[in-house]
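Written below as C-alpha cells is the structure these notes are about.
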Amino acid sequence: MEILRTVADLRHWSRTSRCKAQNNASPSFALVPTMGALHAGHASLIRAAAFSCEHVAVSIFVNPTQFGPNEDYARYPRSFDADCAIAEAEGATVIFAPSVEEMYPAGPPSQIATFVEVEGLSNRLDGLSRPGHFRGVATVVAKLFNAAEPDLAFFGQKDAAQVAVLRRMVTDLRLATKIVVCPIVREPDGLALSSRNIYLSPAERTRALILNRTIRHVESLVAAGQRHASALIAAAREIFATEPAVRVDYIELVDWDNLQPIDTASPGSLFAVAAWVGATRLIDNTILS
Ligand code: AMP
C-alpha cells in the first residue's frame with residue numbers, strides 16, 4: 001500500500017492505475033474519503049470499495065474548513081499508523097494523506113477565495129447548527145474528486161445529510177464519480193460508531209444510547225402505521241425527555257434528496273437526530289421503509 005502526500009501524486013497515481021486496470025468496462029477506482037481515526041464503520045466502506053473496485057484510495061485528512069471556530073478541530077483524534085493498518089487490511093491500495101497546506105495552498109480559511117456551496121441543502125440539519133460545515137465538506141470532497149477522478153466514492157449513511165449535499169454537488173457539477181452509500185455500523189448495543197465516541201465518559205456512553213433508542217422507536221411507530229411527522233417527532237422528543245442530561249440539537253423528518261421537512265413519512269424519507277451528550281455532539285438516523 002502506497003502513501004501519497006500531494007495532489008499531483010494522487011492525480012498521477014489515479015491516471016496510471018486507471019490505464020493499468022485489467023477490465024476497463026467495470027469501475028476500476030474507488031475513493032473513500034475520511035478524517036482518519038478509523039473504526040469499523042470506515043472499515044466497512046473500504047471493504048465495500050475493495051469488493052467493487054481494483055484500486056481503492058483512502059483519504060485521511062482532518063479538514064479544517066468543515067470545523068467551526070469553537071469546534072474540536074485541534075483535538076480531533078489522529079491515529080495515522082493504526083489507520084494505515086486498518087485500511088491495508090480491508091484492501092486499500094493507496095492512502096492519500098495531504099497536509100493542510102497541500103489542500104489549501106492559499107493559506108488559512110480566511111484567505112481562501114473558492115468554495116463549493118450547495119445552496120438550499122447546506123443550511124439544513126447539521127448545516128443549520130454548524131454554519132459553514134457543509135461548505136467545507138463539499139469543497140474538500142470536490143478537491144478530492146477533481147484530483148483523483150474516482151469511478152466510485154463510498155460514504156456512510158451515518159452522515160445522511162452529508163450524502164444529500166454531496167449527491168447534489170455531483171449532479172449540479174456533472175461530476176463523473178458515482179456516490180455509493182453504505183449502512184450505519186453500530187456497536188452491539190446500538191450506538192452508531194463515530195470517531196467522536198472516544199470523547200464520551202462511561203456515563204455519557206450509556207446516555208448516548210438514547211439516540212439509537214429514539215430511532216428504533218420511531219421505526220416501530222412507522223411500522224405500526226404512524227406516518228405523521230408531528231406525531232413521530234413528538235414521540236422522539238418524549239424518548240429524549242427520559243434522558244434529561246442529553247440536549248437535543250434537532251429531530252427532523254425530511255425528504256432525503258433535498259433535506260426539506262415533510263409532513264408525512266414515505267419510503268425513503270430520512271428521520272434524523274442530533275444531540276449533545278455532555279460536550280460531544282452525536283448524530284444518528286434511519287431511512288424509513
Ligand atoms: P469521517 O471520518 O467521520 O469523516 O467519516 C468518513 C466516512 O465514514 C463518512 O462517509 C462517514 O459517513 C462514514 N462513517 C462514519 N461512521 C460510520 C458508521 N458508524 N457506519 C458507516 N459509515 C460511517
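FYI, it's all coordinate maths here, none of it is from the lab. Predicted, not measured: the structure shown is a model, and the values here were computed from it. Here the Cβ positions follow ideal geometry from the backbone for every residue, glycine too, while neighbour counts run over all protein chains shown.
What percent antiparallel are the DSSP beta bridges of the chain, to the nearest 5? Roughly 50 percent of the DSSP beta bridges within the chain come out antiparallel. Once the Cβ-Cβ distance of Asp81 and Ser289 is raised to the sixth power relative to R0 = 35 Å, the FRET efficiency obtained is 0.30. Annotation: lysines with alpha-carbon distance below 30 angstrom to Lys20 (same-chain offsets under eight excluded): Lys143, Lys178. Rounded to the nearest 20 debye, the dipole magnitude of the stretch 160-200 is 260 debye, with +1 charges on Lys and Arg beta carbons, -1 on Asp and Glu beta carbons, and the Cα centre as origin. When 1/r is averaged over all different Cα pairs and the result inverted, which Kirkwood radius in Å belongs to the chain? In the chain this quantity evaluates to 19.8 Å.
Rounded to two decimals, the Cα-based Rg/Rh of the stretch 162-269, with Kirkwood Rh, is 1.01.
In angstrom, the C-alpha Rg and Dmax of the stretch 57-167 are 14.4, 39.
D by Stokes-Einstein for the stretch 1-122, Kirkwood Rh over Cα pairs, 37 °C, 0.692 mPa s: 208 µm²/s. Other residues within the sphere of radius under 12 Å centred on the Cβ of Ala57, judged by their own Cβ, net out at -3 (K and R +1, D and E -1). Per residue of the chain, the DSSP helices (runs of n ≥ 4 H) give a summed -39500 (n - 2.57) that works out to -11500 deg cm²/dmol at 222 nm. The dipole here belongs to the stretch 103-216: it is taken about the Cα centre, uses +1 on the Cβ of Lys and Arg and -1 on the Cβ of Asp and Glu, and is about 300 debye.
Panel note: the C-alpha atoms of the stretch 88-150, placed on their principal axes, show extents of 37, 28, 19 Å (largest first). Here the chain is assigned +1 on the Cβ of each Lys and Arg and -1 on the Cβ of each Asp and Glu. Its dipole about the Cα centre then comes out at about 100 debye.
Net charge near Pro150: determine it from the other residues with C-beta under 14 Å of the C-beta of Pro150, scoring Lys and Arg +1 and Asp and Glu -1. With Lys, Arg at +1 and Asp, Glu at -1, the neighbours total +2.
Hydrodynamic analysis of the stretch 214-268 uses the Kirkwood radius over alpha carbon pairs. Inserted into Stokes-Einstein at 37 °C and 0.692 mPa s, it gives a translational diffusion coefficient of 278 µm²/s. For Ala30, what charge total do you get from the other residues with a beta carbon under 13 Å from its beta carbon, if Lys and Arg give +1 and Asp and Glu give -1? Every neighbour counted, the sum reads -1.
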